[in-house]
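Derivation of every value follows stated rules applied to the coordinates shown; laboratory data play no part. Since the structure is predicted, the reported quantities are computational estimates derived from the model, not experimental observations. Ideal geometry is used to build each Cβ from the backbone, glycine not excepted, and the neighbour counts take in all protein chains shown.
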Amino acid sequence: MERLRIIIGVLIIALAGVMLYLRLSGRPGDALQLRQNSGFSRDMTIIAHRGASHLAPEETIPAYLLARDMGADYLEIDVQRTSDGDLIGLHDDSLERTTNATTVFPGREKEPASEFTTKELLTLDAGSWFNQAYPKRARETYKDLRIIRFSEFLQIAAEGEAKPGIYIETKSPERHPGIEEDIVEALKEEGWLDRKVKVGPAVIFQSFDVNSLRRFKEIAPEVPRVLLISQKMEAEKGWTPLLEEARPLIQAIGPVGYLMWPWNTGKAHRMGLIVHAYTLNSGWQMRLADWFSVDGFFTDRADQALIKFRQAEINSAAILQLHGY
């Protein structure tokens, strides 16, 4: 029995040592200083991934209204351009997953949004798929929701008392030459480049594409830029080379959650880079991000993140009802 107690004691000490090592590897002191130097608060930054996309169809008006009124720090959107030059919010390279394009435009459902006019896209139902996929979260008012226009997104983010920032990703920018100029022009017209929000910079640009980030730096150097990092990118180039290559262009990185290990986070912090991981939806993932000194994260569950990190009281049904959903 005494031997068993000794073994258990040694294991507990070893585990505590490992946890302490992991915590210190993320360089929590550096993280707090970087957040303050970059205009963020000391708190974890909570970014509503495609809006409150666990509770409403992603990148639609109710998803962004819900995320805004919950109190998310940032609303995130993927921006693409229609064939006639309008900017819209849409994540996928095709329309088949989140719209009824297969029915409305049979044979064209795998085409990118850039092959459709705005008028064509606005005929699509971008909400019913959610009701079918998630019947427990379904709402009749989600039926016949439309793809959101970038101008609508900017208006939603600007209204109300919450004052969130906006996190903009250029989606497949090689298919939309000049989209960076279009985005910056739209932001200027709506006063977003001079706007003040509750935490951090009002606007943040992000992309997996270094060339898109380079173009943003040329035309709007005052707006922070984030390199998104996938597992494939890290496997092909390595963590340090990726950071070193992009460092002249960026102020932050957005690694997939599988890469937010504290030694990776710590290395980014030593290079002066904020770390915003994606996409963390479980409580244990959020706890690890905090322990590993990640500065913020993208989440479909902004409601749960705000309850955990801000002790917020959230009634999502009441918010949706207030806005007619």
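Semi-axes of the equivalent ellipsoid for the chain, computed as √(5λ) from the eigenvalues of its C-alpha gyration tensor and ordered from largest down, come to 35, 24, 19 Å. Gyration tensor analysis over the Cα atoms of region 167-325 returns equivalent ellipsoid semi-axes of 26, 24, 14 Å (largest first, whole Å).
The lysine pair count for the chain, using Cα distances under 19 Å and pairs eight or more places apart or on different chains, is 12.
Once the Cα atoms are used to define both axes, helix 61-70 deviates from the longest principal axis of the chain by about 40 degrees. Relative to the longest principal axis of the Cα atoms of the chain, the long axis of helix 179-189 lies at roughly 80 degrees.
The dipole here belongs to the chain: it is taken about the Cα centre, uses +1 on the Cβ of Lys and Arg and -1 on the Cβ of Asp and Glu, and is about 1420 debye.
In the chain, helices alone account for a calculated mean residue ellipticity at 222 nm of -12000 deg cm²/dmol, with every DSSP H run of four or more residues adding -39,500 (n - 2.57).
Against the chain, whose longest principal axis comes from its Cα atoms, helix 210-219 is set at around 70 degrees.
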